[in-house]
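The values are calculated or read from the model by the stated rules, or taken from the named source; none is laboratory data. In this text the structure is predicted, and so the values were computed from the model without any measurement. Cβ coordinates were reconstructed from backbone atoms using ideal geometry, including for glycine residues, and neighbour counts include every protein chain displayed. Only protein heavy atoms, including side chains, enter the accessible area calculation; ligands, DNA and RNA are left aside. Shrake-Rupley method; radii C 1.70, N 1.55, O 1.52, S 1.80 Å.
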Amino acid sequence: MEFTAKAIAEFLKGEIEGDAEIVISNVSKIEEGEKGTLTFLANPKYTEYAYTTEASIIIVNKSFVPKKKIKATPIKVDDAYQAIASLLQLRESMKPKKVGIHTNSWIEESSKAGKDLFLGAYAYVGENCVIGDNVRIYPHVFIGDNVVIGDNCIFYPGVKIYHECIIGNDCILHGGVVIGSDGFGFAPDTAKDYKKVPQIGNVVLKDRVEIGSNTTIDRAMMGSTIIEEGVKLDNLIMVAHNVVIGENTIIAAQSGIAGSTKIGRECMFGGQVGLVGHLEIADKVMIAAQSGIPSSIKKEGTVVQGAPAFPIMDYQKSYVYFRKLPSLVARINDLEKKLKELEQDI
Amino acid sequence: MEFTAKAIAEFLKGEIEGDAEIVISNVSKIEEGEKGTLTFLANPKYTEYAYTTEASIIIVNKSFVPKKKIKATPIKVDDAYQAIASLLQLRESMKPKKVGIHTNSWIEESSKAGKDLFLGAYAYVGENCVIGDNVRIYPHVFIGDNVVIGDNCIFYPGVKIYHECIIGNDCILHGGVVIGSDGFGFAPDTAKDYKKVPQIGNVVLKDRVEIGSNTTIDRAMMGSTIIEEGVKLDNLIMVAHNVVIGENTIIAAQSGIAGSTKIGRECMFGGQVGLVGHLEIADKVMIAAQSGIPSSIKKEGTVVQGAPAFPIMDYQKSYVYFRKLPSLVARINDLEKKLKELEQDI
Amino acid sequence: MEFTAKAIAEFLKGEIEGDAEIVISNVSKIEEGEKGTLTFLANPKYTEYAYTTEASIIIVNKSFVPKKKIKATPIKVDDAYQAIASLLQLRESMKPKKVGIHTNSWIEESSKAGKDLFLGAYAYVGENCVIGDNVRIYPHVFIGDNVVIGDNCIFYPGVKIYHECIIGNDCILHGGVVIGSDGFGFAPDTAKDYKKVPQIGNVVLKDRVEIGSNTTIDRAMMGSTIIEEGVKLDNLIMVAHNVVIGENTIIAAQSGIAGSTKIGRECMFGGQVGLVGHLEIADKVMIAAQSGIPSSIKKEGTVVQGAPAFPIMDYQKSYVYFRKLPSLVARINDLEKKLKELEQDI
């Protein structure tokens, strides 16, 4: 399908600078742009490519002032990344969606699904489940007994949702995600043995949660592990039992959150971050990648780094001197030597 | 089902302080306790809730001396966490268990299973397997050829056990666990290419091993990767080829153990710990979260932290000064200045 | 099957020292060697076992000069690890291979496969796929629409390959690997909400790529996430969207690479390493385990450690002093005290 710069600018409420009739039929990365494609510039690291890209149309921020001639026809918008997201969503919405129930899939008779269900090959739905409208369940998905699922969810291949968990509307779970496995709870029995503490709670995902592949979210010991509206979790993340993650918090890959920790809303955590259990993390807290959080963070908007973490500017100052430790030691050696000489001189 | 405080106290060999006839029909978290439920206080962080919880019965340690009036009826026991574990296990044991072989599952004819097998939808069991009694195999589990499985095991959805692995009695494997994938072994072939070293060993899990979701345990190059009795591994852990983990060792999520490392018994590792290969770790060693272990730890009961790790008290002292490095540098600057003045004065 | 030392030496182009007619029928680890087995010594950490092993034949490097008598018959080769790899590959090649299409598997009619396909129970192949010759697809594997697969690939149970991804020849994907899940892309929508950025690219694996269990590789936002020839990835690794990993690079378990980072060829990364997004890493760079890489590394062959990482020798010097910080502070205290005394004396 072809679109003119004019049509695109209208959809995005943007301004064209140049040929409004130029036509594109595909999108491209700025460094690989080809004639007949639309590209975008959002990350300033890629600015140099704006001048060399062969793409026919380039979406840029209104704040972008080119320093050289741009071959592509610019469409100026308030937020180029937002704009490309809107265009790609439009493109996706025009694709045919998978629907229908595969011959080789299984849904127990006691379960109910809404309209336009897609149930892929070898997918399994247990007893007494309630599934909303427009849900897409790919092959090899497991849904345990008594699970409740909202509308418009997508579960990619191999997602596993244990019994009694609750999934909101518009959730996307990627391949291999495990929701509701037992929390890691063991009571020391004798000096050396452990007794399993049955985990009788569940996991609740609210609306618009997206979870990356092979991430695991354990069920609560009692009550619920809760992922609030709009939370986005990347791949290979571990969320332990009874954790609560607040609205619109975003967590990068391979981070881990130990049991019963409560995280505020609109937080952002880098990759490979670790939080110990039973903490409270305020809203809008930011944690640098690979940091370790040993205690609660009470102040909204705190930004920390390190393992254990402390305020990021302080961490970075300390780390500069960590790198210089050999020269600091040399200076201490030198001071000691000079002081000794001075003492002898007197 | 309803239980009186009296019945519960008898089962737990605990002492009631108050109304022995009060009745509960469910359990609850202390901070969410409701009338008609039983709760418990084990972690001192939650002590404040003991005075406010609406639960009808609260299990507490005998050592707990309330500072205020408690609304709930206390049952005093030696170990409240143990006691709640026992109660929840009782509750679980009263639930009906899944049994039967799903129409859409497959077990090769050469394999044998004991009594009361549950084989879920789309589960697959390969050739020449031997499966014990009371084994529960959930949907989408894969069991390769020549696998031996003891009694009373539970394999949750999507567990994968490669050929020739051996699983003991009473083992629990959570969703997506991979047992017996190839160890990471490659021999440099030319300057830049690698030749795969076939991994012809297996994985052996002894009795009462529990493994969290999406954890992976690689098969030995030769011989066996061995997980001894009573080991508990959390989610997303990596155990490399030829590793041995000693009895009743507990490892938190996202830790990784490189090839051929041997870990003693009753160790405890925090989350995101890493151990390099070919080490020996003594019994009862404790490793703080996110630590890195570059060399063997010979002394039983050593407690370490850091990357690379050293004794935890020393690490924490060093880290205090790491945080103060900017002020230490200021003091060195000051010393240099004063010394220079002094030298000029003389 | 039995082999003489003579036959093995001929196959390996090695030299026998001793009884050329001695016979073995199996292989063993050096510390567990038994009569009638062949073992090897490659890692010098295991040298002591060379003198005590009960194995009948031992493969050693030509450079190895024994200090004591060796019971086993040595076969000397240029590279003992290479040699054992060759022997084990020979052994593997003699085993019967799985072939045939399981009754309970599904391949959409629009897809084509080459000769000698093995398609295991409950495996699913989507629309318009093209699969090469001698491909082995184990149970519960998911292959999405429009996927292209080369010759001689092995996909172990539960591998998931999303639509439009391209897999080269001789690739091995272990249990639970996810190829082509959506990259983690969200555009801030309002102050607190996020809009999904559809990920319309794919993942391309070139020839001879091996990927460990439960590793995840996200599809590109646009264009391709690319894993070049001969790359070996261990278990539980995260490769984000639009990453490129150069030829024959090897990455240990639980490492993570953020979006759009480009890694050179023949690099080696330890376990639990993290790289932030949009970096360029030169060829032959080595990164120590648990390190964090915050910026591009331009120089070929750089070796780094730390979080954030810097040259490994400098890191290790700094870390020595980090461990000594308490004594350095004592020395600063002492200097201040003495200087004060001196000032008073003058």
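Okay, residues lined up against (1) of a type in the set (Ser, Thr, Tyr); (2) in contact with a helix residue (DSSP H, G or I) (Cβ under 8 Å, 6 or more places away or on another chain); (3) at pLDDT below 95:
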{"residue": "C:55", "(1), (2), (3)": "no, yes, no"}
{"residue": "C:58", "(1), (2), (3)": "no, yes, no"}
{"residue": "C:61", "(1), (2), (3)": "no, yes, no"}
{"residue": "C:66", "(1), (2), (3)": "no, yes, yes"}
{"residue": "C:73", "(1), (2), (3)": "yes, yes, no"}
{"residue": "C:91", "(1), (2), (3)": "no, no, yes"}
{"residue": "C:96", "(1), (2), (3)": "no, no, yes"}
{"residue": "C:102", "(1), (2), (3)": "no, no, no"}
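Reported count of residues in the stretch B:174-191, each being open to solvent by 10 Å² or more (accessible area, probe 1.4 Å) and under 30 Å from residue B:152 (Cα atoms), is 1.
Residues in the stretch B:48-65 that are more than 14 Å from chain A (Cβ to nearest Cβ), farther than 16 Å from residue B:19 by Cβ and of a type outside the set (Phe, Trp, Tyr): B:50, B:52, B:62, B:63, B:65. For the stretch C:17-37, the criterion of being among the aliphatic types (A, V, I, L, M), within 30 Å of residue C:138 (Cβ to Cβ) and not assigned by TED's automatic domain parsing to the domain that holds residue C:133 is satisfied by at least one residue.
Tell me whether the stretch A:42-56 contains one or more residues that are in contact with a strand residue (DSSP E or B) (Cβ under 7 Å, 6 or more places away or on another chain) and within 19 Å of residue C:243 (Cα to Cα). Among the residues of the stretch A:42-56, not one is in contact with a strand residue (DSSP E or B) (Cβ under 7 Å, 6 or more places away or on another chain) and within 19 Å of residue C:243 (Cα to Cα), which makes the answer no.
Meeting the requirement of 1 or more residues that are in contact with a His (Cβ under 6 Å, 6 or more places away or on another chain) and either among the basic types (Lys, Arg) or not assigned by TED's automatic domain parsing to the domain that holds residue C:241 (or both), no strands (runs of 3 or more DSSP E) wholly within the stretch C:141-217 can be named.
Screening the candidates A:257, A:293, A:263 for the property of being away from chain C (no Cβ under 11 Å) and under 22 Å from residue B:315 (Cα atoms) yields one hit, A:293. Of C:282, C:307, C:288, all but one fail to be in contact (Cβ under 8 Å) with a residue 24 or more places away in the chain and more than 12 Å from chain A (Cβ to nearest Cβ); the exception is C:288. Kindly indicate the residue of the stretch C:164-190 that is at the interface with chain A (Cβ under 9 Å from one of its Cβ atoms) and under 21 Å from the mean Cα position of the chain (by Cα) and also nearest to residue A:267 (Cα to Cα) among those meeting that condition. Looking at the filtered set, the residue picked out is C:181. Restricting A:156, A:194 to residues that are facing another protein chain (nearest Cβ under 8 Å), aromatic (Phe, Trp, Tyr) and either touching a residue at least 40 places away in the same chain (Cβ under 8 Å) or surrounded by 24 or more Cβ atoms within 10 Å (Cβ to Cβ) (or both) narrows the list to A:156.
Only a single item in (1) under 19 Å from the mean Cα position of the chain (by Cα); (2) open to solvent by 10 Å² or more (accessible area, probe 1.4 Å); (3) at negative phi is not met by residue C:208, and it is number (3).
Mind checking which residues of the stretch B:153-193 are acidic (Asp, Glu) and at pLDDT below 95?
B:189, B:193, listed by residue number.
Given the structure, is residue A:305 assigned to a loop (DSSP other than H, G, I, E, B) and open to solvent by 10 Å² or more (accessible area, probe 1.4 Å)? Spelling it out, it is not the case that residue A:305 is assigned to a loop (DSSP other than H, G, I, E, B) and open to solvent by 10 Å² or more (accessible area, probe 1.4 Å). Taking the criterion of being under 16 Å from residue B:243 (Cβ atoms) and crowded, with 18+ Cβ neighbours inside 10 Å, the residues of the stretch B:293-302 that qualify are B:293, B:297.
Among the residues making up the stretch C:295-341, those that are farther than 30 Å from residue A:308 by Cβ and in the same structural domain as residue C:273 (by TED's automatic domain parsing) are C:298, C:299, C:300, C:301.
Among the residues making up the stretch B:197-226, those that are within 11 Å of chain C (Cβ to nearest Cβ) and of a type outside the set (Gly, Ala, Ser) are B:197, B:198, B:199, B:200, B:214, B:215, B:216, B:217, B:218, B:219, B:221, B:222.
Taken over the stretch A:118-140, the criterion of being part of a strand (DSSP E or B), within 14 Å of residue A:160 (Cα to Cα) and more than 14 Å from chain C (Cβ to nearest Cβ) is satisfied by A:125 alone. For the condition under 22 Å from the mean Cα position of the chain (by Cα) and either among the aliphatic types (A, V, I, L, M) or in a strand (DSSP E or B) (or both), residue B:289 qualifies. With respect to being touching an Asp or Glu at 6+ places or on another chain (Cβ under 9 Å), crowded, with 23+ Cβ neighbours inside 10 Å and on the phi < 0 side of the Ramachandran plot, residue B:50 falls outside the description.
Filtering the stretch C:91-118 to residues that are within 29 Å of residue B:201 (Cα to Cα) and of a type in the set (Lys, Arg) leaves C:91, C:95, C:97, C:98. Taking every residue in the stretch A:14-26 that is of a type in the set (D, E, K, R) and pairing it with any residue that is surrounded by 15 or more Cβ atoms within 10 Å (Cβ to Cβ) and in a loop (DSSP other than H, G, I, E, B), at least 6 positions away or on another chain, yields no pair with a Cβ-Cβ distance below 8 Å. If you go through the stretch B:246-263 and keep only what is in contact with a Cys (Cβ under 6 Å, 6 or more places away or on another chain) and of a type in the set (Asp, Glu), you end up with nothing. Scanning the stretch C:86-124 for residues that are within 22 Å of residue C:22 (Cβ to Cβ) and surrounded by 15 or more Cβ atoms within 10 Å (Cβ to Cβ) returns C:86, C:87, C:88, C:91. Taking the criterion of being small (Gly, Ala, Ser), open to solvent by 10 Å² or more (accessible area, probe 1.4 Å) and over 28 Å from the mean Cα position of the chain (by Cα), the only residue of the stretch C:53-85 that qualifies is C:56. Checked against (1) open to solvent by 10 Å² or more (accessible area, probe 1.4 Å); (2) outside the structural domain of residue C:201 (by TED's automatic domain parsing), residue C:127 meets all criteria but (2).
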